[in-house]
């Protein structure tokens, strides 16, 4: 996996950087694991925009990735590594001994021909899944359940990982990718290893068109608007009227905590 720069034949290629993953072995996805990927354009069921700057983009099909640890106690073989347009980490196509197939997000070090196992008695090898009670202290895991039985929620993005720091009183103390320390039940499942494609954050899109292809529409700075349109608008020269940073609807932002309630599971908050 490497970052590749193009020859600057035109202005759009001058700053572009592409990620080339030579580990990918299969271009066409598994048809039995495909589903429709409908897009809402940021609108809710009433047709009102609830998420701004969304719309357009290239058509996609959804790959049904297993975050629920569905095939337990059945060994599986890695038969391919594939690109997934819906996420920034490659996915591994697994063929299980019972004939089932599924997609899993691919950790660093998982190769074609390797084996994975989701079991309480599995060894702590990369790609294997087990309850946090069975994971040795100090190991790095991903796809961690917040509530047992509801599927993995934490650490599902490229290059992310969670460290099991300690175990006490039926809880596992985890160090999150943000630096936050929190507790999760020891009955929650997780997968051993750090997710691959950590170089994803170094990719430079290079032009506005590649952003539009991903389904993002343009955004306008509040300082470039009129006073009627945004609290930062208007003024002579560059000015936001001495006000604190805020949203178009006047709510404070940049540094304001957005969690609605306190959680007793959080031991140490992340740094701002």
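No lab work stands behind these numbers, since they all come straight from the coordinates. Predicted model only: the values in this text are computed from it and were never measured. No Cβ is skipped: glycine too gets one built from the backbone with ideal geometry, and neighbour counts run over all protein chains shown.
Tabulated data
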quantity	calculated
Sorted largest first, extent of the range 19-201 alpha carbons per principal axis (Å)	48, 37, 30
Peptides ranked, highest mean first, by Cβ atoms within 10 Å: ranges 3-9, 122-128	122-128, 3-9
For the range 211-272 and the range 99-166, distance of Cα centres in Å	36 Å
Relative contact order %, the chain, counting alpha carbon pairs below 8 Å whose residues are six or more apart	17 percent
Top of 56, 237, 215 by mean-square fluctuation, Gaussian network on the chain, Cα under 10 Å	237
